[in-house]
Amino acid sequence: MEYVLGIYNMQHIELAEKLGIRKQNINMWIKGKQNIPKKYLPVLEELFGLDSEYFTKELNEIEKLEIQKEKLKRDLNPVIRKHDLQYMTGEVNDLVEVPIYDKEEINSMERTIEKAKLASRFKQALDIIDNNPYMDTYKLIVELVEKVPDKVLLHKTIEALAHYYEVLPPWVVSEPEQEEFEGEIFEVFDDNNF
């Protein structure tokens, strides 16, 4: 709650007035001495344009970025220029339409959030391999990303691996050039019993 109030430049007393309660109630919520009564959660959602879960738990860095993005959207009132199809991983790996806004600040914030999510997932993957012999593979991946992040061959190879190991759904296909590349690399995989 305190983080949200800080981002929205709102004093405890101002929130208390908007909710029709005493400032001490807000202080109790922030200090964790009292839970926010459920009847106020919809009001807080409406007031800040945020999901109620942000008011009832300790926020991680990604959630803080999401709150900043929502505040920025409220301030800039952006217009969606178009939608791009992007591959998203998570509980369901799929292509989703992602909005591209007319305000670069919003698009930049979206990229920052996506990078933070990827960094978090990469860290979780590294935690899994503490006693795993494939640590060198992760070192190579980081080295490749650092040295040749914009090379087409790296992207094509990673996309091919994703198809080979069925990370990408079978219906997610790309240009004929990528499919030809994947066919050739799959032959190498099969020849080497991957």
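Structural remarks
- Residues that are modelled with pLDDT under 85 number at least 2 in the following helices (runs of 4 or more DSSP H) confined to segment 40-141: 104-128.
- Of everything in segment 71-93 that is farther than 20 Å from Glu14 by Cα and among the charged types (D, E, K, R), the residue that is surrounded by the fewest Cβ atoms within 10 Å (Cβ to Cβ) is Glu91.
Here is a yes/no grid of residues against (1) of a type in the set (A, V, I, L, M, F, W, C); (2) out of contact with any strand residue (DSSP E or B) (no Cβ under 9 Å at 6 or more places or on another chain); (3) within 30 Å of Val79 (Cα to Cα):
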position	(1), (2), (3)
Asn107	no, no, yes
Lys115	no, yes, yes
Lys147	no, yes, no
Val188	yes, yes, no
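- Residue selected from segment 161-181 under the condition in a loop (DSSP other than H, G, I, E, B) and either free of Cβ contacts under 8 Å to residues at least 40 places away in the same chain or in contact with an Asp or Glu (Cβ under 6 Å, 6 or more places away or on another chain) (or both), by the criterion least open to solvent (accessible area, probe 1.4 Å): Ser174
- Any hit, segment 12-29, residues being closer than 30 Å to Lys103 by Cα, open to solvent by less than 90 Å² (accessible area, probe 1.4 Å) and under 18 Å from the mean Cα position of the chain (by Cα): no
The values are calculated or read from the model by the stated rules, or taken from the named source; none is laboratory data. Source: prediction; values computed, not measured. Don't worry about glycine lacking a Cβ; one is built from the backbone with ideal geometry, like all the others, and counts go over all protein chains shown. Side chains included, ligands, DNA and RNA excluded: accessible areas come from the protein's heavy atoms. Shrake-Rupley method; radii C 1.70, N 1.55, O 1.52, S 1.80 Å.
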